[in-house]
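This report concerns only the one structure given below.
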Amino acid sequence: MSYDNELYQQVILDHNKKPRNFREMPEATHSCHGFNPLCGDDYTVYLKINAEDVIEDVSFMGSGCAISKASSSLMTGFLKGKKVDETKMVFGEFHKMVLGEMDPDQQEHHLGKLALFKGIREFPSRIKCASLSWHSMIGALEKDETITTE
Amino acid sequence: MPDTDTLTTAKPPFDVDQIRAEFPVLSQTVHGKPLIYLDNAATTQKPRRVIEKVRQFDSEEYGTVRRGSYRLSERATQMFEDVRHKVAGLFNAASHKEIIFTSGTTQAINLVAYSFGKAFVKAGDEIIISNIEHHANTVPWQVLCEDRGAHLKVIPVNDRGELIMEEYQKLLSPKTRIVSVNHVSNALGTVNPIKEITRLAHEAGAKVLIDGAQSTPHMKIDVQDIDCDFYTFSGHKMYAPSGIGGLYGKYDVLKEMPPYVTGGDMIRHVTLEKTLYADPPARFEAGTPAITQVMGLGEAIDYLQEIGLDKIAEYEHALLEYGTRLLSEIDGLNIVGTAAHKASILSFHIDVIHPHDVVTLLDQDGIAVRGGHHCAQPTMQRFCVPATTRASASFYNKYEELDVLAASVRRAIKLFS
């Protein structure tokens, strides 16, 4: 009865069902709307960054598939309390992992449990689902209002 | 709730296993499971004889058409024009001169929107489409309306996905220049009453285009009986190669229309000052056409006619009814598009799973279905869903494959519940 792939793991299914930090943030210092016109995934990522460049709070709102929602949820949990510089480095690692350019089982990384998205590399059409909110988060840091992935 | 064990299945009017054996693609496995190809509304697989025809033509008979006066070219030209006659025969056009080869339905509709629009649509005029059109039958008209200062009117649909004909009649007016609707909706499967739509449009003095991309693989088409002014089709959805399709147009209408794309082969005489255009269909076929693909199209038409489009329609309808009953039994699944008249398209929405996750999970079971807005975002907006999962059956599909589909959907729902 089990599926022989690592994509829909229990953690991902759980975060899809009960997304964490799933709320708007009126007091956000940074936000960005991310949209994939091909599949309709649509999320806004909110960040509250203090004077020391630390992410004090992070949240997201929107709709889309289980992969995009779980990835957004896990991302927000991971980023809380991190320095801005660190988030950019982790984004780079995450991006390489989902593209299959970095194997978290073989190489050193700072992804923690985000490494469970490594199975996505077997599903090229779903890579953008996993990375959409990461792109939005970077867009927010760079003061973009909207980003799209195509 | 009907019990699956008691579901009756009508005996197919042909040997489906024998038909499947003619499609090499179908015999493979995907993720270790037999491929179940149910994305036929997007594109159809090719029978061996079409594949072989293309190979044989390119290997032995390839030459330019309508240009050379040597043996190869003359023979290729003859074969090319023979296919035009075949298309005319397939759709019962009054003349082969009414058949224009295009890359497919998208280009055919763009041709009409541009050319007919340029000649006949002016500021304040109106164009009517429906709420369940493919983007290919929406965007060209939006562009034309913007360009000419015309207005786009939209026929609404009811909750079953059927056009509301009373509302359509209210939209028709002396300002209506053209009505452009699909014969079969790609997103919902609705079969539209195109004969009645055409009659009413003609009463109002408007021309009619029928987008036949989804209908032509499933049923017999008689353009003279429909009486439409234009009818479009896409070869790749009717077991022919991609990159070829066409436009039927009444000759009297076509001959009043200016060229769409200009260049070689669509002229009568060119000087540096002025060009006289050729008559239709050549006027609308600038440049070297998709010669090899046309040969494949001709072979696909022979194939479909040998099986019989009536038999195809009968069996695909049986598949639709069987699939509809199987999916209706699944809790949490809603079929989107429940028109009384439908082609074998099953679009559905599952409360707990996004269509893209459904597609990925079904793929694990070897099933190829489409998830998304099906290039029909206004349709999705009408039914308040971001996207649907769509299973579309062909005469090479089997009842058993729909059983696997239903079981796979249940398994996906279980995982997400």
- Task: Under a 10 Å cutoff between Cα atoms, tell me which one of B:272, B:346, B:188 has the largest fluctuation in the Gaussian network model of chain B.
- Result: B:272
- Task: Provide, as a two-decimal number, the C-alpha radius of gyration of the protein assembly as shown over 2.2 N^0.38 Å, N being how many residues it has.
- Result: 1.08
- Given Cβ charges of +1 for Lys and Arg and -1 for Asp and Glu, the option among B:353, B:341, B:249 whose Cα lies farthest towards the positive end of the dipole of chain B is B:249
- May I ask you to list the lysines whose Cα is less than 23 Å away from that of residue B:118, ignoring any residue fewer than eight positions away on the same chain? B:97, B:153, B:175, B:207, B:250, B:255, B:274
- Task: Return the aspartates and glutamates within reach of residue B:122: Cα separation strictly under 18 angstrom, same-chain partners fewer than 8 residues apart disregarded; answer none if there are no such residues.
- Result: B:146, B:147, B:256
- Task: Apply the Kirkwood formula to segment B:1-103: the hydrodynamic radius equals the inverse of the mean of 1/r over all pairs of different alpha-carbon atoms; give it in Å with one decimal.
- Result: 17.9 Å
- Message: Springs between alpha-carbon pairs under 10 angstrom, Gaussian network model over chain B: which of B:63, B:189, B:245 fluctuates most?
- Response: B:63
- Hey, could you grab the Kirkwood Rh for segment B:230-340? Inverse mean 1/r over distinct alpha carbon pairs, Å, one decimal. 17.8 Å
- Charged-residue dipole, Cβ positions (Lys, Arg, Asp, Glu), segment B:50-306 about Cα centre, Debye nearest 20: 540 debye
- Query: D for chain B, whole µm²/s, Stokes-Einstein with Kirkwood Rh over alpha-carbon pairs at 20 °C and 1.002 mPa s: what number?
  - Reply: 96 µm²/s
- Give the residues of segment A:22-45 whose amide nitrogen is closer than 18 Å to a point set 7 Å from the Cα of residue A:142 in the direction of its Cβ. A:30-37, A:43-45
- Item | Potential lengthening between residue B:15 and residue B:314 on full extension [0.36 nm per residue; Cα-Cα distance subtracted] | 106.3 nm
- According to a simple spin-label model (label point 7 Å from Cα along Cα-to-Cβ), what is the distance in nm between residue B:242 and residue A:86? 4.6 nm
- Item | Label-point separation in nm, residue B:265 to residue B:64, each point 7 Å along Cα→Cβ | 1.0 nm
- Query: How large is the Kirkwood hydrodynamic radius of segment B:32-160, in angstrom, based on all distinct alpha carbon pairs?
  - Reply: 18.6 Å
- Task: Arrange B:165, B:380 by Cβ neighbour counts within 10 Å, fewest through most, would you?
- Result: B:165, B:380
- Note on the structure: Nearest-0.05 FRET efficiency for residue B:33 and residue B:331 at R0 = 25 Å, using Cβ-Cβ distance, is 0.50
- DSSP beta bridges in the protein assembly as shown: the antiparallel percent, rounded to 5, is 65 percent
- Computed over the Cα atoms of segment B:313-367, what is the convex hull's projected area averaged over all directions, in nm²? 4.3 nm²
- Have a look at B:265, B:351, B:279 and tell me which one the Gaussian network model of chain B (Cα, springs below 10 Å) gives the largest fluctuation. B:351
- For segment A:1-141, the Cα gyration tensor yields equivalent-ellipsoid semi-axes (√(5λ), largest first, whole Å) of 23, 18, 13
- Note on the structure: Counting Lys and Arg as +1 and Asp and Glu as -1 over every other residue whose Cβ sits under 15 Å from the Cβ of residue B:127, the net charge comes to 0
- Message: Counting other C-beta atoms within 10 Å, and keeping those with at most 10, which DSSP coil trypsin sites (Lys or Arg not before Pro) do you find in segment A:109-150?
- Response: A:143
- Message: For the protein assembly as shown, what does the helix formula give at 222 nm: sum of -39500 (n - 2.57) over DSSP H segments with n ≥ 4, over the residue count, nearest 500 deg cm²/dmol?
- Response: -11500 deg cm²/dmol
- Query: Out of the DSSP beta bridges found with both residues in chain B, what percent are antiparallel (nearest 5)?
  - Reply: 60 percent
- Task: Go through segment B:302-400 and name the GluC sites (Glu not before Pro) that are in a DSSP coil and have 16 or fewer other Cβ atoms within 10 Å of their Cβ.
- Result: B:329
- Note on the structure: Put in order of increasing Cβ neighbours within 10 Å, starting from the fewest, A:138, A:67, B:194 give A:138, B:194, A:67
- Message: To make sure I understand, if each residue's beta carbon is the centre and we count other beta carbons within 10 Å, what order do B:362, B:247 fall in, fewest to most?
- Response: B:362, B:247
- segment B:248-320: trypsin sites (Lys or Arg not before Pro) in DSSP loop, at most 15 other beta carbons within 10 Å: B:255, B:274
- Item | 30 Å Cα-Cα threshold exceeded, pairs from A:17/A:82; B:86/B:170; B:11/B:342; A:83/A:128; B:195/B:398 | B:86/B:170; B:195/B:398
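Every number in this text was worked out from the coordinates using simple rules, so none of it is lab data. On a predicted model such as this, the values are computed, not experimentally measured, just so you know. Glycine also receives a Cβ, built like all others from the backbone with ideal geometry; neighbour counts cover every protein chain displayed.
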